[in-house]
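Written out below as structure tokens is the structure these notes cover.
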Amino acid sequence: MKIGLVGLTQTGKTTLFSLLTQTRVSPDKMGTNAGMARVPDGRIDFLSGLYQPKKTTYAQIEFIDVAGLAVSQDGHGSGSGKFLQDVRPCDALAHVLRAFEHDAVIHPEVSLNPARDLEAVETELLFSDLEMVEKRIERIKTGKKITAENQAELARMERCYEWMEQGGSMRDMDLTEAERTEMRNYAFLTEKPRLAAVNLDENQYKSGEYPQKEALVQLCGQMNIPLLEINAQMELEISELSGEDKAMFMEDLGLRETGIEALAREVYKHLGLISFLTAGEDEVRAWTIRKGTAAREAAGKIHSDIERGFIRAEVVKYKDILELGKMAKVKEAGRFRLEGKEYVVEDGDVINFRFNV
Ligand SMILES: Nc1nc2c(ncn2[C@@H]2O[C@H](COP(=O)(O)OP(=O)(O)O)[C@@H](O)[C@H]2O)c(=O)[nH]1
Ligand SMILES: [Mg+2]
């Protein structure tokens, strides 16, 4: 799972990246940063306390600190080559938008307007898709072979072109399931799931007010994407403190949830991801799968041998362990089930796979 942090320059992407991956990247560092972030999970904390395993492994999300987009006066992006190159391999994109006031930081567009900035980045993605569609249409039209397949593709691409020319993104296009699958082969940038994080300063974070908030809320509503409020700078500083100070500063700032908690939650929800858990004396671990994954396929996440030799999944619900305090009690109470390979795994299932190789 790769999430790209995208935005104009100076919006706090690198600061957020440092926070999420717990690395210290100098803001002046050029080039693209990539790193893993641990997904906080209270269930893993609890099970780890219970089993005292040799190893505890949380789910992880990879974040890419995408090269910032500079926007010139005519509203057209510059430096978009590197930006697009970074964005392409990402599974989803998180817009990092600037609302914070900072004397030393000159915003590329001078006035603070996160909605306008969001649109500037979206336009860049859309232009890239449009260009690809245009090229494809051109290729088919000038091609020698005229096949039925070609003609069907041409019709599809022309529909795409019309839609995108009016500012529509691939994700919102009205397509049948079959068409959507077909379209996926082109890897449209505007097909990628997106969310938005507006980066606030301390006062804005406390008051919940910032420039052009209404416009941003409205735009995200229209795009049907979640909008998170973060304070990357402050949170990064707090994350470097020790336990007691940390709690005090978090409370003082009114930090309800850490950036990674909020982002991970939205990424999981938005991408249709869930976690199942495994617990034992060797390891307590969270595994990320897509919602709707069957037991046997989920087993393959752990090892292909377990998938191949799958017999049964012994499934216990995490909340039953939490309620009864330990696995033995849950089993005593008969609250476990033996499921077959077709069983659809649920979030929070604690699974022991029985297999034979
Ligand atoms: N006040 C304030 N400053 C921030 C915040 N986030 C980042 N900054 C500052 O803004 C500048 C640009 O941040 P950076 O992360 O390098 O932005 P990037 O260009 O998007 O990677 C740095 O000087 C940061 O210290 C924030 O939440 N509040
Ligand atoms: Mg940066």
Picked from the range 74-115 (must be part of a helix (DSSP H, G or I), within 16 Å of ligand 1 (Cβ to nearest atom) and open to solvent by 10 Å² or more (accessible area, probe 1.4 Å)), the residue modelled with the lowest pLDDT is 80
Only one of 177, 191, 229 is of a type in the set (Asp, Glu), away from ligand 1 (no atom under 16 Å from the Cβ) and under 17 Å from the mean Cα position of the chain (by Cα), namely 191
Six or more apart or on different chains, Cβ under 7 Å: which pairs go from a residue in the range 1-25 that's closer than 24 Å to residue 241 by Cβ to one that's more than 9 Å from ligand 2 (Cβ to nearest atom) and charged (D, E, K, R)? Could you list them? 12/98; 18/24; 19/235
Just wondering, is there one or more residues in the range 109-116 that are in contact with a Pro (Cβ under 6 Å, 6 or more places away or on another chain) and either more than 16 Å from ligand 2 (Cβ to nearest atom) or β-branched (Val, Ile, Thr) (or both)? yes
Is there any pair with a first residue in the range 320-344 that is under 21 Å from residue 307 (Cβ atoms) and a second that is open to solvent by 60 Å² or more (accessible area, probe 1.4 Å) and assigned to a helix (DSSP H, G or I) whose Cβ atoms are under 7 Å apart and which are 6 or more apart or on different chains, and what are they? 341/296
Quick check: is even one residue across the range 224-233 over 30 Å from residue 351 (Cβ atoms) and touching a Cys at 6+ places or on another chain (Cβ under 9 Å)? yes
By residue number, the members of the range 26-39 that are within 16 Å of ligand 2 (Cβ to nearest atom) and either among the polar types (S, T, N, Q) or open to solvent by 20 Å² or more (accessible area, probe 1.4 Å) (or both) are 26, 27, 28, 29, 30, 31, 32, 33, 34
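For (1) assigned to a loop (DSSP other than H, G, I, E, B); (2) touching a helix residue (DSSP H, G or I) at 6+ places or on another chain (Cβ under 7 Å); (3) not assigned by TED's automatic domain parsing to the domain that holds residue 14, each residue gets a yes or a no:
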site: 180; (1), (2), (3): no, no, yes
site: 186; (1), (2), (3): yes, yes, yes
site: 204; (1), (2), (3): no, no, no
site: 210; (1), (2), (3): yes, yes, no
site: 214; (1), (2), (3): no, no, no
site: 217; (1), (2), (3): no, no, no
site: 233; (1), (2), (3): no, yes, no
Consider the range 144-171. How many of its residues are open to solvent by 100 Å² or more (accessible area, probe 1.4 Å), outside any helix (DSSP H, G or I) and of a type outside the set (A, V, I, L, M, F, W, C)? 3
Mind checking whether some residue in the range 194-217 is of a type in the set (Val, Ile, Thr) and either open to solvent by less than 30 Å² (accessible area, probe 1.4 Å) or within 16 Å of ligand 1 (Cβ to nearest atom) (or both)? yes
Do you know which residues across the range 22-44 are near ligand 1 (Cβ under 9 Å from one of its atoms) and either small (Gly, Ala, Ser) or part of a helix (DSSP H, G or I) (or both)? 26
Within the range 10-19, is even one residue near ligand 2 (Cβ under 9 Å from one of its atoms), at positive phi and open to solvent by 50 Å² or more (accessible area, probe 1.4 Å)? yes
Are any residues in the range 193-212 touching a residue at least 24 places away in the same chain (Cβ under 8 Å) and farther than 11 Å from residue 100 by Cβ, and if so, which ones? 193, 194, 195, 196, 197, 206, 212
Within the set of pairs 6+ apart or on separate chains, which have a first residue in the range 250-263 that is closer than 15 Å to residue 200 by Cα and in a helix (DSSP H, G or I), a second that is open to solvent by 80 Å² or more (accessible area, probe 1.4 Å) and basic (Lys, Arg), and C-beta atoms under 8 Å apart? 253/206
From 47, 19, 5, residue being assigned to a helix (DSSP H, G or I), in contact with a Leu (Cβ under 7 Å, 6 or more places away or on another chain) and within 16 Å of ligand 1 (Cβ to nearest atom): 19
Within the range 1-19, count every residue that is modelled with pLDDT under 90 and over 16 Å from the mean Cα position of the chain (by Cα). 2
Looking at residue 42 and the list (1) over 20 Å from the mean Cα position of the chain (by Cα); (2) surrounded by fewer than 17 Cβ atoms within 10 Å (Cβ to Cβ), which single condition is not satisfied? (1)
Test residue 120 against the criterion of being under 30 Å from residue 207 (Cα atoms), at pLDDT 95 or above and not in a loop (DSSP other than H, G, I, E, B), and give yes or no. no
Just the residues that are part of a strand (DSSP E or B) and farther than 17 Å from residue 322 by Cα, please, taken from the range 274-301. 274, 283, 287, 288, 289, 290, 294
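The values are calculated or read from the model by the stated rules, or taken from the named source; none is laboratory data. Treat the numbers as computed from the prediction; the structure is a model and nothing was measured. As a convention, Cβ positions derive from the backbone with ideal geometry for all residues, glycine included, and neighbour counts pool all protein chains shown. Remember, those area values only see protein heavy atoms, side chains included, never the ligands or the DNA or RNA. Shrake-Rupley method; radii C 1.70, N 1.55, O 1.52, S 1.80 Å.
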